[in-house]
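Structure record follows, encoded as structure tokens.
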Amino acid sequence: MTTPTVKLASGEEMPLVGFGLWKVPKETAAETVYNAIKTGYRLFDGAYDYQNEKEAGEGIRRAISEGLVKREEIFITTKLWNNYHRKEHAVKMAKAQNETWGLGYIDLFLIHFPCALKYIDPAVRQYPAWWMDDQGTVQEDKVPIRETWECLEQLVDEGVAKSIGVSNFQPQLLTDLTSYARHPVSSLQIEHHPYLVQPGLVDVAKSNNIVVTAYSSFGPQSFLELPPDFSKRTQGVPTLFEHETINGLAKKYNVTSSQVLLRWATQRDVAVIPKSNNKDRLKQNLDIFGFSMTKEELDSISNLDKGLRFNDPGFYLINHPIHIFA
Ligand code: NAD
């Protein structure tokens, strides 16, 4: 199975479907990634925050060493976490992440969130997520995005990253960034599903030649399994897998609801990176190009929009909300 690709502003080709590594346990990540490559996945979406870059890299290296794929056929995305936005930390951290993957270079390196947290030495506290300590203290830092972006540009200059981009940015910051970017913003990764369509943001990205990548394509599904502070917004919301509009289209095209959700995105030139630890679903999520919905059908899915965002640190960081989405 070959996945269609999209050309990024950097000139590189990115697969339209990839595999998301958030919540893939590090104990099984190498095996999961290796099996995903066997299934046909070529793009892996990681992050320092996901705590499994080393193991994901191991899975890819195994597939390369067995001759299943070549390095240049694989596309690795990874992200800079919020504690490392300052220039004295960002490049160093990115280079350390690149070493951890062990594949020579990163295909796409993103700023994970447009907000900076106080530096924490990884040798003292690794993978801090949003918190300084075990008491849940959140300490913001004041770092201009331009400072961090210029570090990403240095990574391109030095051959550490082939393409660079951002995640969780909104139109104003994105527009500002494009005014000074020396290397193009190749991709914008955002929460995007029928309950959070953000058509204006998608249009701004497209008009700036920035490829949009959707995360959490199945809406509430990914957040149901999280602790209460993170899952509260899913309460009383019908899952998209049960929604009659999605189910009706799944029946019509003889596909699953997940395939309808992923096809809705890719038919609108939005890349997807679903995550599953289950072999059959892995296969299903990749196999979405055998049918196409009509414009009216795509619109009927877009019309389910509720502006409902699940990944919102202004909501789940209850002791110190960070309102990057207002
Ligand atoms: P997702 O939309 O991929 O959903 C995952 C959930 O859906 C899991 O519970 C999984 O078991 C289930 N699922 C997967 N395939 C299925 C199928 N075919 N049928 C039924 N259930 C299925 O959600 P996600 O993990 O939130 O997002 C995907 C990826 O996006 C992540 O792994 C990560 O790489 C990335 N991401 C990025 C950010 C960011 O801030 N940039 C935030 C969240 C996720």
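None of the figures in this text is laboratory data; all of them are computed from the coordinates on show. Bear in mind the structure is a predicted one, so any value in this text is a computation, not a measurement. As a convention, Cβ positions derive from the backbone with ideal geometry for all residues, glycine included, and neighbour counts pool all protein chains shown.
Some observations on this one:
- Straight Cα distances below 20 angstrom link Lys279 to the lysines Lys23, Lys26, Lys38, with same-chain residues fewer than 8 positions distant left out.
- When only alpha carbons are used to place a centre, segment 110-132 and segment 248-326 end up 28 Å from one another.
- Exposure proxy ranking, count of Cβ atoms within 10 Å, fewest first, for Met14, Met93: Met93, Met14
- Backbone amide hydrogens, once placed in the peptide plane, bring Val138 within less than 5 Å of Met132, excluding anything fewer than 5 places away on its chain.
- Ranked packing of 264-270, 190-196, 119-125, most packed first, by mean Cβ within 10 Å: 190-196, 264-270, 119-125
- Full extension of the chain between Lys95 and Asn209 yields a length gain of 38.3 nm, computed as 0.36 nm times the residue separation minus the alpha carbon distance.
- Beta bridges per DSSP with both ends in segment 5-316, % antiparallel, nearest 5: 20 percent
- Summary value for the chain: 17 percent relative contact order, contacts being C-alpha pairs under 8 angstrom separated by 6+ residues.
- Kirkwood-Stokes translational diffusion coefficient of the chain, alpha-carbon pairs, 25 °C, 0.890 mPa s, µm²/s: 122 µm²/s
- The helix-based estimate of mean residue ellipticity at 222 nm for the chain, built from -39,500 (n - 2.57) per DSSP H run of four or more residues and divided by its residue count, is -11000 deg cm²/dmol to the nearest 500.
- Pairs of C-alpha atoms in segment 48-140 farther apart than 21 Å represent 36 percent of all such pairs.
- Phi angles of segment 220-228 translate, via the Karplus equation with coefficients 6.51, -1.76, 1.60 and θ = phi - 60°, into HN-Hα couplings of x, 3, 6, 9, 4, 8, 8, x, x Hz per residue; Gly and Pro are given as x.
- Amide H contacts under 5 Å for Phe75: Leu43, Phe44, restricted to partners 5 or more places along the chain or on a different chain, H placed in the peptide plane at 1.01 Å from N.
- Per-residue ³J(HN,Hα) for segment 113-122, Karplus 6.51 cos²θ - 1.76 cosθ + 1.60, θ = phi - 60°, Hz, x for Gly and Pro: 9, x, 8, 9, 10, 4, 4, 10, 4, x
- Here the dipole of the chain is about 380 debye; that uses its Cα centre as origin and unit charges on the Cβ of Lys and Arg (positive) and Asp and Glu (negative).
- Separation between Cα centres of segment 65-108 and segment 154-175, rounded to whole Å: 13 Å
- Between the amide H of Ala47 and those of Asn52, Lys79, distances stay under 5 Å, these residues lying 5 or more places away or on another chain, with hydrogens modeled in the peptide plane.
- For the listed peptides 105-116, 206-217, a ranking on the average number of other beta carbons within 10 Å per residue, highest first, reads 105-116, 206-217.
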